[in-house]
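Engineer: Got a structure here, written out as structure tokens. Questions coming.
The values are calculated or read from the model by the stated rules, or taken from the named source; none is laboratory data. A quick note: this is a predicted structure, and the numbers were derived from the prediction, not measured. Counting neighbours? That spans all protein chains shown, and the Cβs are built from the backbone with ideal geometry, glycine included. Accessible surface areas use protein heavy atoms only, side chains included; no ligands, DNA or RNA. Shrake-Rupley method; radii C 1.70, N 1.55, O 1.52, S 1.80 Å.
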Amino acid sequence: KRIEPERVRERDVIVPATLPMELDPTLFLTHLSQLQQLTEPEGGIGTCLERLNAKHQRFAELLAPEAAPLDLQRVEELLEKVFTARRRIYPLLQAFGQEQTAAAVKAVLSGEGPVEERMRAFAEAMPVAPGEDRESRRLAAKQRRAAMDFAAELLHFRDPVKYPLMTRWVWDKSTMSGALRELVRGADELRELPFDMSPETFEGARKWLAEQIAGQGIYRDVPFWIDLLLGNAYVGYVRSMAEGNLGGDFGRGVSPLEQLKKLLGIDEPLQGRSRAKKPT
């Protein structure tokens with residue numbers, strides 16, 4: 001299977017930024033080797049690439065301009081394939097209502113303004129009630145960040161050639177964590193890294209990774225090879241931090257391969273029920 005890019009507005013061309021610090025080719029090779037070893041028990045990387053292609057095809061089908069208007073059932077189908085959002089924002093979308101949710105998704109994909117502004121507007125439009133106590137404000141902030149991740153995956157998996165994957169686990173400036181950190185030599189000794197979260201920075205990192213992958217003679221499904229490499233790097237980071245901030249959501253006692261599939265939303269669906277968390 002080949003990724004089929006969609007034609008989108010010329011204004012959404014993302015020019016890759018020059019990264020403010022170098023990524024390390026040796027670390028890239030380490031993560032590539034780990035990825036190949038990790039996926040070998042289940043038929044190699046090809047199986048994960050097929051699942052990512054299937055995810056893309058479904059996103060492209062549901063989000064195509066000519067598709068039927070999104071209802072909450074279809075939104076739920078999309079959401080349950082986005083690990084960092086599926087446990088947090090379905091109640092918000094449900095409260096938002098079907099019509100407003102469909103309009104908000106459409107605005108992310110083809111609305112006015114730069115892509116980064118559209119993602120932020122989507123998150124800020126969610127009906128979050130932060131409350132006055134510290135815990136309520138903390139939960140509201142998590143919900144908005146999860147909504148940003150959902151917007152990022154809508155863009156990327158609808159058109160993975162056009163848009164890099166711009167989720168927090170790839171890079172989160174607020175926590176100075178993410179897969180990019182695992183590609184910087186000596187990052188453990190640095191409190192801060194100078195990466196921002198602009199689309200241009202994500203695209204700059206993706207361009208670098210694509211060049212490294214091409215150096216290995218790999219030319220098909222490159223966007224998904226990049227997703228897998230970044231996912232492998234982040235899984236390694238989380239495991240080294242004893243499950244990190246994702247905690248039990250990520251699955252203590254689960255194998256690294258299962259964590260990788262979960263992170264990318266290509267894990268096995270639950271029998272007879274959605275993985276999107278709903279109000280009880």
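Engineer: Quick check: from the Cα gyration tensor, does region 36-93 come out rounded (a/c under 1.5), prolate or oblate?
Structural biologist: Because a/c hits 1.5 or more and a/b fails to exceed b/c, region 36-93 counts as oblate.
Engineer: So, one more: Distance check, please: which entries in K162/K262; K207/K277; K162/K277; K81/K142; K106/K277 exceed 27 angstrom between their Cα atoms?
Structural biologist: Distance filter (> 27 Å) returns K207/K277; K162/K277.
Engineer: Right, here's the next one. Taking a ≥ b ≥ c as the square roots of the Cα gyration tensor eigenvalues, with a/c under 1.5 meaning rounded and otherwise prolate when a/b beats b/c, else oblate, which class fits region 1-142?
Structural biologist: Verdict is prolate for region 1-142.
Engineer: OK, next. Ignoring ligands, DNA and RNA, what accessible area per residue does region 149-280 give at 1.4 Å, in Å²?
Structural biologist: 43 Å²
Engineer: If you line up the long axis of helix 98-110 against the longest principal axis of the chain, both from Cα atoms, how many degrees apart are they, to the nearest 10?
Structural biologist: Value to nearest ten degrees: 40.
Engineer: Still on this structure, please answer the following. At R0 = 25 Å, how high is the FRET efficiency between R87 and E124 if r is their beta carbon distance? Nearest 0.05 is fine.
Structural biologist: 0.80
Engineer: Let me ask another. Counting other Cβ atoms within 10 Å, which GluC sites (Glu not before Pro) in region 146-212 have at most 16 and lie in a DSSP loop?
Structural biologist: Those satisfying the criteria are E192.
Engineer: Here's another thing I want to ask about it. Just the number, please: carbon plus sulfur as a percent of the accessible area of the chain, 1.4 Å probe, no ligands or DNA/RNA counted.
Structural biologist: 49 percent
Engineer: Same structure, new question: Please return the longest stretch of the chain lacking exposed loop sites, where trypsin sites (Lys or Arg not before Pro) count only if DSSP places them in a loop and at most 11 other Cβ atoms lie within 10 Å.
Structural biologist: It runs 10-190.
Engineer: Something else about it: Taking only protein heavy atoms and a 1.4 Å probe, what accessible area per residue, in Å², does region 31-128 have with all protein chains in place?
Structural biologist: 46 Å²
Engineer: Classify region 135-280 as rounded, prolate or oblate, taking a ≥ b ≥ c as the square roots of the eigenvalues of its Cα gyration tensor: rounded when a/c is under 1.5, otherwise prolate if a/b is larger than b/c and oblate if not.
Structural biologist: Rounded, since a/c falls under 1.5.
Engineer: As an exercise, use a Förster radius of 22 Å and the Cβ-Cβ distance of A64 and K278 to find the FRET efficiency, rounded to the nearest 0.05.
Structural biologist: The computed FRET efficiency comes out at 0.25.
Engineer: Of F83, Q98, P279, which is farthest along the charge dipole of the chain in the positive direction, counting Lys and Arg as +1 and Asp and Glu as -1 at C-beta?
Structural biologist: Of the listed residues, the answer is P279.
Engineer: If you don't mind, there's one more thing I want to ask. In units of 2.2 N^0.38 Å, what is the alpha-carbon radius of gyration of the chain?
Structural biologist: After normalising by residue count via 2.2 N^0.38 Å, the value is 0.96.
Engineer: Could you list the GluC sites (Glu not before Pro) in region 28-94 that lie in coil according to DSSP, counting only those with at most 14 other Cβ atoms within 10 Å of their Cβ?
Structural biologist: E66
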